[in-house]
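Enquirer: Would you mind keeping the following structure in view while I ask a few things?
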Amino acid sequence: MKQKLSSSIKHSYTIDLSSKYPHTSIAVQLYMGFVRVKFLGAHQKDAFGKTVGLMGDFNTGKTLARDGVTALDDFIAVGNEWQVLPSEPRLFHEAAHPQFPEPCLHPEDPHGERHRRLDESNISVEEAEEACATLKDPLSIPDCVYDILSTQDLGMVGAF
């Protein structure tokens, strides 16, 4: 894994899979506490086609339980379902709070407090759309607009 881009608020790491899947990689970007994962390259279907996990089914985008069949539409349920179990290998040297069987920490409810803040927004939808209109990938624009409105930070366009 190599670090590609670094600043005080944005870091980008590339996991090169070329030894098995030529010109294929995984890009992990960290921006102001947000994480973005992108699958890149010519052999994505070969490398990731059967992948199912916390990010969902690679082919369908459906968020599934560990059984690979049960569809979960609640992101809190998805996070709890995919929490690392004591029987599974560890990725990190130190185990941070919380650890199973203690439940995961839940994010802010996007339909609760965030919704109320959007009503009091200093940044309009039009301003967010204008900031995001410069993006090369048109499919990223709705996510960019949502992130700007959620954080009230036009600088979030930098995450894309």
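The values are calculated or read from the model by the stated rules, or taken from the named source; none is laboratory data. Source: prediction; values computed, not measured. Here the Cβ positions follow ideal geometry from the backbone for every residue, glycine too, while neighbour counts run over all protein chains shown.
Enquirer: For the stretch 3-20, enumerate the residues that are at pLDDT 90 or above and among the charged types (D, E, K, R).
Expert: Matches in the stretch 3-20: 16, 20.
Enquirer: A further question on this structure: What's the number of the condition residue 60 fails, among (1) assigned to a strand (DSSP E or B); (2) loosely packed, with under 14 Cβ neighbours inside 10 Å?
Expert: Unmet condition: (1).
Enquirer: For the stretch 130-147, which residues satisfy the criterion of being surrounded by 14 or more Cβ atoms within 10 Å (Cβ to Cβ), at pLDDT below 90 and not acidic (Asp, Glu)?
Expert: Listed by number, the residues that qualify are 140, 146.
Enquirer: To continue, here is another question. On the basis of being surrounded by 11 or more Cβ atoms within 10 Å (Cβ to Cβ) and either touching a His at 6+ places or on another chain (Cβ under 9 Å) or assigned to a loop (DSSP other than H, G, I, E, B) (or both), does residue 21 make the cut?
Expert: yes
Enquirer: Those residues that are exposed (fewer than 14 other Cβ atoms within 10 Å of the Cβ) and either at pLDDT 85 or above or hydroxyl-bearing (Ser, Thr, Tyr) (or both), I need them from the stretch 105-129; list them, please.
Expert: 122, 124, 125, 126 - these are the residues of the stretch 105-129 that are exposed (fewer than 14 other Cβ atoms within 10 Å of the Cβ) and either at pLDDT 85 or above or hydroxyl-bearing (Ser, Thr, Tyr) (or both).
Enquirer: Also, quick follow-up: Within the stretch 127-157, restricting attention to residues that are within 19 Å of the chain's Cα centre (by Cα) and among the hydroxyl-bearing types (Ser, Thr, Tyr), which residue is nearest to residue 33 (Cα to Cα)?
Expert: 151
Enquirer: Moving on. Condition check: surrounded by 10 or more Cβ atoms within 10 Å (Cβ to Cβ) and modelled with pLDDT under 90. Does residue 90 satisfy that?
Expert: Details: surrounded by 10 or more Cβ atoms within 10 Å (Cβ to Cβ): no; modelled with pLDDT under 90: yes.
For residue 90, the condition - surrounded by 10 or more Cβ atoms within 10 Å (Cβ to Cβ) and modelled with pLDDT under 90 - is not met.
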